[in-house]
Structure formats: structure tokens, C-alpha cells
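What follows is one structure encoded as C-alpha cells, with my remarks underneath.
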Amino acid sequence: MVGGMTRKKALQVAEMIDQGRYREAYALVAAPLKRGNPEAAALIGALLVGGFLTEGEDDVQDRQGYLDRLEADRLKGIDLLTRASNAGFGIASHNLATATLSFPGSLTAEEAKAKAIDMLKLAKAQCVHFLEIE
């Protein structure tokens, strides 16, 4: 089992994501996500923050409606990444760092940088070694 999913299912989800079949991947991890699985939360959170997946309506016609939906999805994605990070899932902490830099909200550039560095240090402590942080 990988994160509450069989290895076969996890590989199937990864293949779907590689092929851009995000909705199908979401359907496969929806049940583990509802159970609070941190790996599923990290996966769906990253897709929402990156704009690859939406939980809203696909038929938004106006620009503002589209932007509002993207913002709601991004906030939901950050919430899911935060839950996964708090559960000790390092890749979620890493993705939160990049989300903080990409979408700082009300943070200044220096505050966003400091928060991102803290998240990368946490990711490293959770055994994710993408960058060497001093």
C-alpha cells in the first residue's frame, strides 16, 4: 500500500497525471482524500494550486468568474497542502514553499521568502531533500 492506495493504483494515478488526465486521477484518489489521506491531499492540493484541476464549474463564461474560481481552487489547494504538511508529508511542505513564493497574498516579498525557507526546512526534516538549506 502507498498512502492508503495500492502501488498499482498509485502508479495508475501518476500515469494519468503525466498524460494530463487530471479529473480521472482525482476520481481515483477522491475516496482516500475524503478519509483525510495526506498523500491524496498533497496530490490534489498541488493540482489545484497549479491550476491543473478545478473543483468548480467548467462552464464559467466570464473572465471574473473564471478568476474567482481559480482563486477558490488555489485556496482549497493550499488548505489541502497544509493538512498534508501538518501530517508530516514532506512533498506537501515543499509545494507549500513554492506556492508561498508564487502566491504571497498579503505577505511582503521578504516575508514570503522567509516563510518559504521555513517550509523548505520543514520539508527537509520530513525527508524531502530537493535543496540544501542552511
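Residues considered: Leu80, Leu75, Leu28. Of these, the only one that is over 23 Å from Thr6 (Cα atoms) and of a type outside the set (Gly, Ala, Ser) is Leu75. The number of residues in segment 77-112 being within 16 Å of Leu53 (Cβ to Cβ) and buried (at least 17 other Cβ atoms within 10 Å of the Cβ) comes to 8.
Answer yes if at least one residue in segment 36-53 is farther than 16 Å from Ala84 by Cα and surrounded by 19 or more Cβ atoms within 10 Å (Cβ to Cβ), and no otherwise. Within segment 36-53 (the criterion being farther than 16 Å from Ala84 by Cα and surrounded by 19 or more Cβ atoms within 10 Å (Cβ to Cβ)), the answer is yes, since at least one residue qualifies. Taking every residue in segment 11-33 that is in a helix (DSSP H, G or I) and among the aromatic types (Phe, Trp, Tyr) and pairing it with any residue that is at pLDDT 90 or above and surrounded by 12 or more Cβ atoms within 10 Å (Cβ to Cβ), at least 6 positions away or on another chain, the pairs with Cβ-Cβ distances below 7 Å are Tyr22/Leu47; Tyr26/Ile44. Selection of first residues in segment 63-91 that are of a type outside the set (D, E, K, R) and of second residues that are in a helix (DSSP H, G or I) and exposed (fewer than 15 other Cβ atoms within 10 Å of the Cβ), restricted to Cβ pairs under 9 Å at least 6 apart or on distinct chains, gives the following pairs, ordered by first then second residue: Gly90/Ala125.
Looking only at residues of segment 106-128 that are over 17 Å from the mean Cα position of the chain (by Cα) and in a loop (DSSP other than H, G, I, E, B), we find that the one that is modelled with the lowest pLDDT is Cys127.
The values are calculated or read from the model by the stated rules, or taken from the named source; none is laboratory data. Just so we're clear, the structure is a prediction, and the values are computed from it rather than from any experiment. Neighbour counts run over all protein chains shown; Cβ positions are idealised from the backbone, glycine included.
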